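Below is one structure, written out as structure tokens; comments come after it.
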Amino acid sequence: MIQLKHQELYRQMLRIRRFEETVLDSFPRGLFYGTTHTYIGQEANAVGVLTSMQEGDIVVSNHRCHGHFLAYGGSMHALAAELMGRSTGICGGRGGSQHIQWKDFYANGILGGTVPLAVGMALGERSSDTGKIVFSFLGDGTLGEGVVYESLNMASLWNLPVLFLVENNRYAQSTPVHLHLAGEITARFEAFGIPAEEIDTADVSLIAASADREAKLVREGSGPRGIVIDTYRFAPHSKGDDTRDPEEIANFRKNDPILLQANTIEQEELKSIESDVDEEVAEAFQRAQADPVADPNDLTASIGTIR
């Protein structure tokens, strides 16, 4: 586990928050193509979990991937450019908001389809004896897909080095978890002999400690493991479809991970970090907007290699 100071954890989470807020604010102005699924409210998950990442580890994300990508260390400018369909984007402007690849980071928007991808990659790492592990992010809604359970079965049978991270944000699009999910989420892992723990917190330090503990066991050869993080997204499922009770959202905002972390930092340091992040976000979007639009006929564009 990389021991990060409170200030750096706050900075990483704030970078995600400000990026995603800018995305939502900019969509009505026609800056982006397609749709988007922001990570607002869940920042502590990506930042906390990926403090346990080591060089060469693989991260497999999903349709709500921006926060994971930025916590992984990806370029904010390249991400903004990808969303805008610019040639300087992560995948040359072809992947959009959900389908991206950079270094050992992979994301796509096919619900549940990322889990067998993660398991296959974990098999490759184990077969090559690299010592690397795979972080597989999925949501509570993904647990309705049969391929998830086929993947858990194989991961357990083959003792694969994969850590499954379920971000239970309590809604599958607009359906609350109590209406779409029977039983306990951890029991789904345990049915396949995969140990899993559940944490209900927005505290990035507690999430980091849990991830460090579980990732260490996976690295030591214990096989797959799971963490269920009970969380909450403050923004709509995608750009504007939100049928939740505003009072419910307001209650969860009392445990905003950004504010929780801010309370551990002196005011002068907070102001400095916030100023730096605001400047970085503004520059990333301004640069991306000025970049050339991707040429659909140019098949030589660099895919997944833009740093």
- Per the C-alpha gyration tensor (a ≥ b ≥ c, the square roots of its eigenvalues), segment 195-239 is rounded if a/c is under 1.5, else prolate if a/b beats b/c, else oblate; here it's prolate
- Query: Can you work out D for segment 166-210 in µm² s⁻¹ from Stokes-Einstein, where Rh is the Kirkwood radius over C-alpha pairs, the temperature is 25 °C and the viscosity is 0.890 mPa s?
  - Reply: 202
- Note on the structure: Residues other than Gln101 with Cβ under 12 Å of its Cβ, Lys/Arg counted +1 and Asp/Glu -1, net out at 0
- Message: Can you give the longest run of the chain that contains no GluC sites (Glu not before Pro) sitting in a DSSP loop with at most 15 other Cβ atoms inside 10 Å?
- Response: 56-183
- Hey, if we sort Trp158, Trp102 by accessible area with the 1.4 Å probe, largest down, what's the order? Trp158, Trp102
- In segment 144-223 the accessible area split gives carbon plus sulfur, as whole percent at 1.4 Å, a share of 52
- Per-residue HN-Hα couplings for segment 145-162 [Karplus 6.51, -1.76, 1.60; θ = phi - 60°; Hz; x = Gly/Pro]: 9, x, 5, 4, 6, 4, 5, 4, 4, 5, 4, 6, 4, 9, 6, 8, x, 9
- Averaged per residue, what accessible area in Å² does segment 209-305 show with a 1.4 Å probe, protein chains only? 56
- Query: Ordered by residue, what ³J(HN,Hα) values in Hz, to whole numbers, does segment 78-94 give under the Karplus form 6.51 cos²θ - 1.76 cosθ + 1.60, where θ = phi - 60° and Gly and Pro are x?
  - Reply: 5, 5, 4, 5, 5, 4, 8, x, 8, 5, 8, x, 3, 10, x, x, 9
- Note on the structure: Computed over segment 1-85, protein heavy atoms only, probe 1.4 angstrom, the accessible area per residue in square angstrom equals 30
- Efficiency by 1/(1 + (r/R0)^6): what FRET value for Leu259 and Glu150, r their Cβ-Cβ distance, R0 = 35 Å, to the nearest 0.05? 0.30
- Query: Looking at the square roots a ≥ b ≥ c of the eigenvalues of the Cα gyration tensor of segment 150-277, which shape do they give, rounded for a/c under 1.5, prolate if a/b is larger than b/c, or oblate?
  - Reply: oblate
- Task: Take the alpha carbon atoms of segment 218-307, find their radius of gyration, then divide it by 2.2 N^0.38 Å using N residues; give the quotient.
- Result: 1.68
- Based on Cα positions only, what radius of gyration and what Dmax would you give for segment 21-169, in angstroms? 15.4, 50
- Message: Given Cβ point charges of +1 (Lys, Arg) and -1 (Asp, Glu) and nothing else, what value in debye, to the nearest 20, does the dipole of the chain about its Cα centre take?
- Response: 540
- Proximal lysines to Lys103, defined as alpha-carbon separation beneath 20 angstrom and excluding residues fewer than eight positions away on the same chain: Lys132
- Taking a ≥ b ≥ c as the square roots of the Cα gyration tensor eigenvalues, with a/c under 1.5 meaning rounded and otherwise prolate when a/b beats b/c or oblate if not, the chain comes out rounded
- Message: Under the 0.36 nm per residue contour assumption, what length would be gained going from the current alpha-carbon distance of Ala290 and Asp242 to full extension?
- Response: 14.1 nm
- Task: Subtract the Cα-Cα distance of Gln101 and Ser272 from 0.36 nm times their separation in residues, and report this length gain in nm to one decimal.
- Result: 58.4 nm
- Which whole-angstrom value gives the distance between the alpha carbon centres of segment 1-54 and segment 214-251? 13
- Item | Set of segment 175-193 residues, backbone N closer than 19 Å to the point 7 Å along the Cα-Cβ line of Arg213 | 185-190
- Task: Would you kindly derive the ³J(HN,Hα) couplings of segment 106-119 from the backbone phi angles with the Karplus curve 6.51 cos²θ - 1.76 cosθ + 1.60 (θ = phi - 60°), listing them in order in whole Hz, with x for Gly and Pro?
- Result: 9, 8, 8, x, 7, 4, x, x, 6, 5, x, 4, 5, 5
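The values are calculated or read from the model by the stated rules, or taken from the named source; none is laboratory data. Here the structure is a predicted model, which is why all the values come from computation and not from measurement. Using ideal geometry, Cβ is built from the backbone for each residue, glycine included, and neighbour counts are taken over all protein chains shown. These area figures cover heavy atoms from the full protein model, side chains too; ligands, DNA and RNA do not enter into them. Shrake-Rupley method; radii C 1.70, N 1.55, O 1.52, S 1.80 Å.
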